[in-house]
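> Pasting a structure here, questions to come.
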Amino acid sequence: MKNLTSWIYIDLDALSYNIKVIKDFIGTTKMLAVVKADAYGHGIIPVALTALDSGADYIGVSDVDEAILLRKSGIKAPILVFNTILPEHAEKAVKFNLTITVCSLDVVQALHEAAKRLNTTALVHIKVDTGFGRFGILPEHALGFVKIVYSDFKAVYVEGIYTHFSSPSSSNITWNQFNKFNDITNQIREAGFIIPLRHACNSTAAVQYPKMHLDMVRIGNLMYGLCSSGNLNLKKLARVFSKIIFIKNLPAGHNVGYGNKYATKRSTTIAVIPFGYYEGLGLIVSQPSGLMDALKILLKQLMYSFGVTNPDRKVVIKNRMFNIIGKIGMQNCMIDITDFRDDISVGDYVEISTRKVNLCYSLPRVYHRGNEIFVDTRQCMTYLDMHNQYIYDKGSEQSIG
Ligand SMILES: *Cc1c(COP(=O)(O)O)cnc(C)c1O
């Protein structure tokens, strides 16, 4: 990666592989690939295109704009928008043939009217709130809702009905939600309304409760290799790299970084990489959820201050582990390379553990697919421009992966 100093390497072949494994596992159930939030940081367009090529049946996003972006990139597959929309967005939702999550009659009416104006049909999935407490109609109102939609809004086609689990790792809570959902969808069927796509599972639920797959599963984390996949053995797609831009020797007892929190214990060689908390390094997302959690965090910090190395401050250079020392800066940090100073030079690659790196939006994405490598520099104003301006870059002087 000649021109880049920091980047995220994304293996689209691993995505294809993961999707094939997931599809084998779910059998005849359809798979919706969740690409909201810029495909969990992996880049919405390349991920959506690869997911569809690899056999995903449906695409899922949070809002209408993400969906339109995909349409403008030539994606014709069905796209479900998870968030409900404002009535004023109905027109563009219908124009771009999006499937909208509905849980209020205002939105159903707006979609119906837009569809009539455009001489077409509006696609919707009805959401049932079986316990999440966010979008959705409560189960006791669902049948009444369906009846009204079918009788009063003929330009709306109810293609699906779904619910979302609040705690998929808890089997009690999840079975309880699932049973409520199953009861209500059965009642709806018995009342004569045939809704073809019933779905409930996200990644964790799909892995843990095969009996809940129904007609479709909505897969995010799992296809990115970001959650436990049981014995499916899925691959992580993203690896984060930076490059050493400066090396120097410091005497023993010298400060390293802001706040004078770290002093060298011996004569030390440091390497600087242009990668800091702006790029997502060292950001701790977790908030203690109780006393035990807070104690755990405190204990860890204590251990680190007594010299145990924080696993989140390790990086890899030429297959060896090194420690980040001193406080992480906004866009830089320092690595202690003393033990292997003769093997390491300016320009060498540094791999940063993605476990604690948020995939910073503005870092360039380097995609690998088949024998292609292409770079999304993220310098352009819109996704669409970016998509059209992928720089084809086959020559990279150090191999990655
Ligand atoms: C984000 C999301 C998913 C995917 O969740 P994962 O845990 O990443 O699989 C599924 N359904 C809905 C409604 C979501 O918002």
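The values are calculated or read from the model by the stated rules, or taken from the named source; none is laboratory data. Given the structure is predicted, the values throughout are model-derived calculations rather than measurements. Backbone-built Cβ (ideal geometry, glycine too); neighbour counts: all protein chains shown.
> Please go through the stretch 105-125 and pick out each residue that is touching a Ser or Thr at 6+ places or on another chain (Cβ under 8 Å), more than 16 Å from the ligand (Cβ to nearest atom) and either more than 14 Å from Glu88 (Cα to Cα) or at pLDDT below 95 (or both). Before you say what the answer is, go through the steps one by one.
Quick first cut of the stretch 105-125, residues touching a Ser or Thr at 6+ places or on another chain (Cβ under 8 Å) only: 107, 115, 123-125.
After this cut, where a residue has to be more than 16 Å from the ligand (Cβ to nearest atom) as well, the list is 107, 115, 123.
Within the stretch 105-125, just Leu123 meets the criteria.
> If you don't mind, another one. Could you look through the stretch 237-255, keep only residues that are surrounded by 14 or more Cβ atoms within 10 Å (Cβ to Cβ) and among the charged types (D, E, K, R), and pick out the one that is farthest from Arg266 (Cα to Cα)?
Among them, the one singled out is Arg239.
> I would also like to ask the following. Quick one: is Asp38 under 30 Å from Ile244 (Cα atoms), among the charged types (D, E, K, R), part of a helix (DSSP H, G or I) and in contact with a helix residue (DSSP H, G or I) (Cβ under 6 Å, 6 or more places away or on another chain)?
Criteria met by Asp38.
> With respect to Gly230, is the statement that it is modelled with pLDDT under 95 and at positive phi true?
So Gly230 passes the test.
> Also, I was wondering about something else. Show the residue pairs that are 6+ apart or on different chains and have beta-carbon atoms under 6 Å apart, the first residue being within the stretch 49-67 and over 17 Å from Val21 (Cβ atoms), the second being within 16 Å of the ligand (Cβ to nearest atom) and part of a helix (DSSP H, G or I).
Close Cβ pairs satisfying both conditions: Ile59/Ala48; Val61/Lys36; Val61/Ala67; Ser62/Lys36.
> OK, next. What about Ser73, is it at pLDDT below 95, in the same structural domain as Phe153 (by TED's automatic domain parsing), over 17 Å from Leu118 (Cβ atoms) and not acidic (Asp, Glu)?
yes
For every residue, the table says whether it meets (1) touching a Gly at 6+ places or on another chain (Cβ under 6 Å); (2) modelled with pLDDT of 95 or more; (3) hydrophobic (A, V, I, L, M, F, W, C); (4) buried (at least 18 other Cβ atoms within 10 Å of the Cβ).
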{"position": "Leu4", "(1), (2), (3), (4)": "no, no, yes, no"}
{"position": "Leu12", "(1), (2), (3), (4)": "no, yes, yes, yes"}
{"position": "Leu15", "(1), (2), (3), (4)": "no, yes, yes, yes"}
{"position": "Lys20", "(1), (2), (3), (4)": "no, yes, no, no"}
{"position": "Phe25", "(1), (2), (3), (4)": "no, yes, yes, yes"}
{"position": "Gly41", "(1), (2), (3), (4)": "no, no, no, yes"}
{"position": "Ala48", "(1), (2), (3), (4)": "no, yes, yes, yes"}
{"position": "Leu52", "(1), (2), (3), (4)": "no, yes, yes, yes"}
{"position": "Ala56", "(1), (2), (3), (4)": "no, yes, yes, yes"}
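> Pick from the stretch 299-341 the residues that are in contact with a Gly (Cβ under 9 Å, 6 or more places away or on another chain) and in a strand (DSSP E or B): which of them is farthest from Gly257 (Cα to Cα)?
Taking the candidates together, the pick is Ile324.
> Among the residues of the stretch 71-100, which ones are within 16 Å of the ligand (Cβ to nearest atom) and either more than 15 Å from Tyr58 (Cα to Cα) or without any contact (Cβ under 8 Å) to a residue 40 or more places away in the chain (or both)?
Ile79, Val81, Asn83, Thr84, Ile85, Leu98, Ile100
> Which residues, taken from the stretch 209-225, are at negative phi and more than 11 Å from the ligand (Cβ to nearest atom)?
Hits for the stretch 209-225 are Tyr209, Pro210, Lys211, Met212, His213, Asp215.
> Return the total of residues in the stretch 1-35 being under 28 Å from Ile245 (Cβ atoms) and of a type in the set (Val, Ile, Thr).
Summing the residues that are under 28 Å from Ile245 (Cβ atoms) and of a type in the set (Val, Ile, Thr) in the stretch 1-35 gives 3.
> Kindly indicate whether Ile352 is surrounded by 16 or more Cβ atoms within 10 Å (Cβ to Cβ), over 30 Å from Ala48 (Cα atoms), at pLDDT 70 or above and hydrophobic (A, V, I, L, M, F, W, C).
no
> Identify, please: which residue in the stretch 182-208 is surrounded by 20 or more Cβ atoms within 10 Å (Cβ to Cβ) and over 30 Å from the mean Cα position of the chain (by Cα) and is, among those, farthest from the ligand (Cβ to nearest atom)?
Taking the candidates together, the pick is Ile188.
> Continuing with this model, one more query. When only residues in the stretch 142-181 that are part of a strand (DSSP E or B) and more than 14 Å from the ligand (Cβ to nearest atom) count, which is nearest to Met31 (Cα to Cα)?
Glu159
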